[in-house]
Amino acid sequence: MTDPAPDLLELRGVSKHFGSFRAVDEVGFTVRAGARHAVIGPNGAGKSTLFGLVSGTLAATAGSLLLDGRDVTRLPVHRRVGLGIAATFQHSSLFLPETVLENVLLAALRRAGAGAGAGVEAAAGAGLGGRRKAGARAAATARARTLLERVGLPTRHDVPAAELSHGERRQLEVAVALATEPRLLLLDEPAAGMSPAETERLTRLIAALPDDVTVLLIEHDLDMVFELADTVTVMHLGHHLTTGPPDEVRASAEVQSAYLGTTEVSS
Ligand code: ADP
Ligand code: MG
């Protein structure tokens with residue numbers, strides 16, 4: 001028997017309070033390296049807040065977050081990106097006037113800059129020669145093209161992001177997140193508002209991601225969850241209800257009454 005995969009992410013008693021309201025209340029679970037881990041729960045369960053705590057857009061009120069055993073609880077977003085945490089922040093991560101290719105390219109170049117310990121501009125200012133810069137850009141462009149093909153946007157390179165359909169924007173967001181070469185990819189309801197065909201394509205894309213990309217996914221589409229996920233966490237009213245294999249979670253009476261039994265499963 002092989003050893004189980006190590007934990008990539010560990011949440012220890014993580015809380016987020018807004019005033020006296022506990023949006024996330026002492027949540028603890030682990031995400032194995034290579035997992036396809038879904039977080040489900042009714043609206044208001046605290047899922048997006050939890051993602052904010054992991055990506056760093058929100059500061060935890062209490063508890064700690066460990067990436068590979070390293071405490072990242074107090075690190076700002078860009079440091080977490082540098083450590084390999086990437087999130088699709090719904091539409092806010094796209095530069096709408098820029099082309100599709102440029103959006104992915106900027107993320108790839110930012111990542112290359114972050115790898116050198118600074119932003120692209122700083123790297124350039126620090127004396128990266130013109131030729132080396134051009135070389136970095138050519139490599140990033142090739143990578144961006146590959147990513148756009150992978151997410152299903154191979155013919156949309158030169159279109160401004162603003163002209164994409166809703167589903168295409170979601171695909172572009174995934175490409176932008178992948179361009180940062182994440183070890184942990186956070187997807188908050190990526191299929192929201194997508195057509196069935198787009199959802200199907202996105203599901204295939206996520207399923208086909210390499211194992212060295214660990215996926216933590218919030219999703220309302222339970223078909224997608226049970227097709228993709230090898231582990232499911234259920235949240236309810238800010239609390240962690242359970243984490244386990246999809247079949248166990250589906251069969252749990254507690255989960256049934258908190259979530260799966262309700263009819264309100266759309267966002
Ligand atoms: P989910 O993603 O599971 O639907 P959220 O994490 O978005 O849930 O929200 C959890 C709860 O926290 C909701 O009741 C929401 O109204 C509340 N909440 C989220 N963000 C804030 C905020 N900035 N200030 C106050 N309350 C918030
Ligand atoms: Mg949400």
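In terms of packing, defined here as the mean over residues of other Cβ atoms within 10 angstrom, the peptides 178-184, 96-102, 154-160 line up highest first as 178-184, 96-102, 154-160.
This model, with +1 at the C-beta of Lys and Arg and -1 at the C-beta of Asp and Glu, gives the chain a dipole about its Cα centre of some 1220 debye. Each of Ala162, Thr30, Ala207 was placed along the dipole of the chain (beta-carbon charges, centred on the mean Cα), and the one lying farthest toward the positive end is Ala162.
For region 181-254, go through all pairs of different Cα atoms, get the mean of 1/r, take its inverse, and jot down that Kirkwood value in Å.
Value: 13.3 Å, from the Cα pair sum.
If I model region 1-80 as equal point scatterers sitting on the Cα atoms and use the Debye formula, what is log10 I(q)/I(0) at q = 0.11 Å⁻¹? Once normalised to I(0) and log-transformed, intensities are -0.29. With a ≥ b ≥ c taken as the square roots of the eigenvalues of the C-alpha gyration tensor of region 159-199, please select rounded if a/c is under 1.5 and otherwise prolate if a/b is larger than b/c or oblate if it is not? It comes out oblate by the Cα gyration axes.
Of Val225, Ala108, Gln256, whose Cα points farthest to the positive end of the dipole of the chain (charges on the beta-carbon: +1 Lys, Arg; -1 Asp, Glu; origin at the Cα centre)? Of the options given, the answer is Ala108. Could you check what % of the DSSP bridge pairs in the chain are antiparallel, to the nearest 5? Here the share of antiparallel DSSP bridges comes out near 55 percent.
Placing a label point 7 Å from the Cα of His17 along the Cα-to-Cβ direction, the residues of region 209-244 whose backbone N falls under 20 Å of that point are 236-240. Working from label points 7 Å from Cα in the Cα-to-Cβ sense, the Glu98 to Asp212 distance is 2.5 nm. Taking the inverse of the mean 1/r over every pair of distinct Cα atoms in the chain gives a Kirkwood hydrodynamic radius of 19.3 Å.
With the convex hull drawn over the C-alpha atoms of region 17-61, the volume per residue is 85 Å³.
Where a number appears in this text, it was derived from the coordinates with a stated rule and is not lab data. Here the structure is a predicted model, which is why all the values come from computation and not from measurement. Heads up, the Cβs are rebuilt from the backbone with ideal geometry, glycines too, and the neighbour counts pull from every protein chain shown.
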